[in-house]
1. Within the range C:1-25, which residues are within 40 Å of the chain's Cα centre (by Cα), at the interface with chain B (Cβ under 8 Å from one of its Cβ atoms) and modelled with pLDDT under 80?
2. Taking the range B:60-88 as the search range and keeping residues that are open to solvent by 20 Å² or more (accessible area, probe 1.4 Å) and of a type in the set (Phe, Trp, Tyr), which one is modelled with the highest pLDDT?
3. Given the conditions (1) more than 14 Å from chain A (Cβ to nearest Cβ); (2) under 23 Å from the mean Cα position of the chain (by Cα); (3) more than 30 Å from B:Leu192 (Cα to Cα), report the number of the one that B:Arg315 does not fulfil.
4. Do we find a residue being under 22 Å from the mean Cα position of the chain (by Cα), farther than 28 Å from A:Phe172 by Cβ, hydroxyl-bearing (Ser, Thr, Tyr) and open to solvent by less than 20 Å² (accessible area, probe 1.4 Å) anywhere in the range B:89-98?
5. Tally time: how many residues in the range B:166-177 are of a type in the set (A, V, I, L, M, F, W, C) and surrounded by 23 or more Cβ atoms within 10 Å (Cβ to Cβ)?
6. Just one of (1) of a type outside the set (Lys, Arg); (2) open to solvent by 10 Å² or more (accessible area, probe 1.4 Å); (3) assigned to a helix (DSSP H, G or I); (4) in contact with a helix residue (DSSP H, G or I) (Cβ under 8 Å, 6 or more places away or on another chain) trips up B:Glu200, so point out which.
7. For B:Met47, which of the numbered conditions (1) assigned by TED's automatic domain parsing to the domain that holds B:Cys183; (2) touching a residue at least 24 places away in the same chain (Cβ under 8 Å); (3) more than 25 Å from B:Glu266 (Cβ to Cβ); (4) of a type in the set (A, V, I, L, M, F, W, C) fails to hold?
8. Evaluate the range B:178-187: report whether one residue or more is part of a helix (DSSP H, G or I) and either surrounded by 21 or more Cβ atoms within 10 Å (Cβ to Cβ) or more than 14 Å from chain A (Cβ to nearest Cβ) (or both).
Amino acid sequence: METLEQIKDRIAAAIPGARLEIIPNDTPANQRSLLVDREHAFEVARLLRDDAVLRLDYLSNATGVDWLDTSIKEKVKVKKVVEGVEKEVDEMVERKKAGYLEAVYHLYSIAHRHGPVILRIRTDNRTDKTRLPSLTPVWRSAEFQEREIYDLYGIIFDGHPDLRRILMWDGFQDYPMRKDYAEPDDYEYEPTPHDEVLEKAQPHSR
Amino acid sequence: MPAAEISSPPRNYEVMPKASPNGEFDGELLEVAMGPHHPSTHGVFRMDVVLDGERVAKLKPVFGYLHRNHEKIAENTTYLASMPYTDRLDYFCSMTNNWAYALSVEKLAGLQPPERAEYIRIITAELTRLVNHTCLVGFLLQDMGALGTPLMYAFREREKILDLFEALSGSRMMCNYMRFGGCRADLPAGWLDGAKQVVENYPRFLDEFEAFLSGNEILMARTQGVGALPAELAVSAGISGPMLRACGVNYDIRKVDKYGIYDRFEFRVPLGDHGDVFDRYMIRLLEMRESLKILRKALADIPDGPIVDSKAKIRGFKPKVGEAYGRIEGPKGELGFYLISDGSLNPYRYRVRPPSFINLTVLEDMCVGHSVADVVVILGSVDIVLGEVDR
Amino acid sequence: MLGEGIIKGMAQTAKNFLGSYSDPERLVTVQYPEERLPLKENTRNFPFLVYDGADPMAGLRCVACQICEKECPPQCIYIIKDTAKKPDYMGKMQFQPKVFDIDISVCMSCQICVEVCPFEAIKMDTEYELSNHDRFGGLLLDKRELAKSNEHYHKIHPTDATEVDARLAAEKAKAEAKAKAAPAPVPKPAPPVKAAA
């Protein structure tokens with residue numbers, strides 16, 4: 001199979017304007033992935049499927065990942081006037097990095113028996129801009145898996161033929177796989193000696 | 001939270017043309033919920049079927065009755081503590097589930113199981129395949145109306161293999177046997193002889209089973225041409241396992257990825273050409289015979305030695321930051337685990353790629369136009385286990 | 001031929017029916033309460049705590065290190081450390097559990113507590129007739145109910161138990177040899193043994 005760099009060049013040549021980035025992976029598995037921008041993701045997916053050399057016709061796994069907002073603390077040298085004298089002072093600066101939701105697609109080729117090529121698409125943030133293009137028209141395999149991502153992570157896939165909740169019931173309000181998901185307060189008595197459960201039980205026992 | 005997006009669109013089925021051109025029937029459509037407590041759905045699985053007389057006009061599978069958010073549980077426990085939970089995904093095949101998870105973690109952490117462990121893994125995985133396919137054939141016949149007898153024969157044979165699993169791991173079904181970088185315990189004394197005995201007797205059972213089934217007129221009438229799946233759709237829809245090979249697509253991960261030490265074994269990959277229920281049934285019977293071939297060689301060749309990689313840790317296992325996707329050819333299809341590590345004790349992201357869930361993608365395509373009785377048979381041939389579908 | 005399949009099928013059924021009288025392979029049913037299958041040696045059901053000697057509470061091997069509590073996948077183990085210490089099999093002073101509860105209605109018999117225990121203190125039992133009228137209290141076992149003797153362990157898992165005993169004896173011998181080599185050991189209370197993280 002072609003290396004990820006070659007695949008990237010191939011896509012860049014065929015789809016001008018596509019913003020591509022290779023995400024490194026330091027584990028022994030060394031499965032690096034290709035980050036594609038939202039606007040060109042659908043075209044890229046179609047190219048990967050139809051290209052005679054790549055022929056990635058089998059979408060094995062599609063899943064979501066939730067990356068929370070992170071803040072990175074850095075030491076920055078700042079010039080300040082201290083007691084009338086200009087000095088260089090170390091100051092802690094906190095940089096906020098916005099979190100995002102990510103859809104990850106693992107592609108294989110049955111025709112050429114190679115793979116995996118890992119495709120990632122990211123949303124802008126975790127709150128209001130959570131739309132991604134659906135790849136279901138390219139690979140039917142994404143149909144239920146994207147529904148599952150929508151159900152559990154709340155990514156809204158534009159162009160999906162039937163985007164409904166799949167594992168949770170209709171009318172469920174939150175996205176349970178998100179990292180900041182808070183369990184609803186629907187305590188039932190359980191025969192357990194654990195403190196946290198008993199604490200949770202306190203307000204419910206009259 | 002975008003509240004407006006949460007409500008799901010109403011399910012409005014478009015009105016179908018009248019059933020009969022000469023107006024014998026009124027052509028009214030009937031929406032029926034098959035399941036979740038229907039005896040043929042192999043668990044709590046529901047199909048919203050829109051019927052036109054006896055024919056299926058539309059079918060939507062409804063899941064989630066057994067949903068316990070296995071992935072969330074796993075993200076909140078250590079890597080090792082998810083291992084017994086994987087037993088409960090596809091509770092017929094706990095050994096292959098263990099292997100798939102162990103394989104992914106080994107990819108993530110760079111562990112290499114020793115030779116003997118690889119052999120034990122292959123032996124247990126192929127025995128699991130026998131268990132799964134034997135049961136599936138029994139259940140499929142049960143769905144077709146061969147009540148009781150074939151299923152009981154299948155269960156009798158399955159019990160012999162489960163006895164082996166119990167002697168090895170301590171539990172019949174919830175084996176929790178494999179570990180990162182090897183297996184938990186070595187084979188007990190006399191286990192190999194017991195396994196050889198089972199493998200030697202198995203073809204006799206298969207012959208007996210096939211003698212009165214494969215040529216049976218009723219079975220052929222109920223299965224041939226029913227639920228045919230075109231190969232292109234199967235590939236596009238991510239179908240895997242015996243269902244994909246029944247469509248004539250030669251794709252077996254044991255051959256493609258050669259994970260473990262499958263490259264040392266000679267076996268053939270049975271392929272169908274119609275992709276109907278009969279092909280799926282036949283493929284499974286043939287696969288069992290190939291599994292027996294692998295088993296015979298593995299049981300004869302198994303070397304002595306350690307069973308766990310010396311680098312593997314039981315307590316405080318922390319892989320490096322990164323991710324890995326590992327997959328194996330489970331009895332039901334491609335079983336994959338996708339793991340992201342953030343360097344802590346718990347996986348940051350843990351995802352199961354459940355074969356029977358994704359194989360249901362094409363259930364509607366296979367069922368439309370067939371009668372309700374055929375839906376039962378088609379679903380039976382997909383081979384689902386709800387523990388895995390709903391997770 | 002019409003009905004050929006039925007004849008074949010019935011012949012098969014008859015073969016199995018008659019065969020069940022002569023062939024033990026075909027006769028697989030066991031009349032359960034009267035007849036019981038022998039248990040496999042590795043069979044596991046729910047955990048118990050091993051004690052040495054005659055007094056179950058004094059001889060408990062558990063040192064309340066709480067590793068099993070942390071590792072237990074369904075979180076069914078509950079331990080409170082006692083402030084008082086007691087000597088272990090090597091004569092070292094160790095903590096002991098004040099409360100050790102296992103909720104076997106939650107336990108999923110996965111054996112991970114056994115694997116992570118560095119003190120060979122918790123093992124799997126094979127007792128399976130545990131039905132109880134009290135769904136909550138009856139299935140929550142405290143340390144008195146959980147404590148079972150080393151002899152019981154030998155009875156249900158002879159191979160493992162012998163191995164464990166040999167290992168513990170070797171450790172003890174090693175420690176004693178070390179103590180002899182270094183004269184006049186300072187009699188200070190041993191720190192709680194922490195398992196390698």
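1. C:Glu25 - this is the single residue of the range C:1-25 that is within 40 Å of the chain's Cα centre (by Cα), at the interface with chain B (Cβ under 8 Å from one of its Cβ atoms) and modelled with pLDDT under 80.
2. Result: B:Tyr85.
3. Here B:Arg315 clears every test but (2).
4. Yes, some residue in the range B:89-98 is under 22 Å from the mean Cα position of the chain (by Cα), farther than 28 Å from A:Phe172 by Cβ, hydroxyl-bearing (Ser, Thr, Tyr) and open to solvent by less than 20 Å² (accessible area, probe 1.4 Å).
5. Result for the range B:166-177: 2.
6. (4) is the only condition that B:Glu200 fails.
7. Answer for B:Met47: the failing condition is (1).
8. no
The values are calculated or read from the model by the stated rules, or taken from the named source; none is laboratory data. For clarity, every value in this text was computed on a predicted model and none was experimentally measured. Virtual Cβ from ideal backbone geometry, glycine too; neighbours counted across all protein chains shown. Quick note on the areas: whole protein, heavy atoms, side chains included, nothing else; ligands and nucleic acids left out. Shrake-Rupley method; radii C 1.70, N 1.55, O 1.52, S 1.80 Å.
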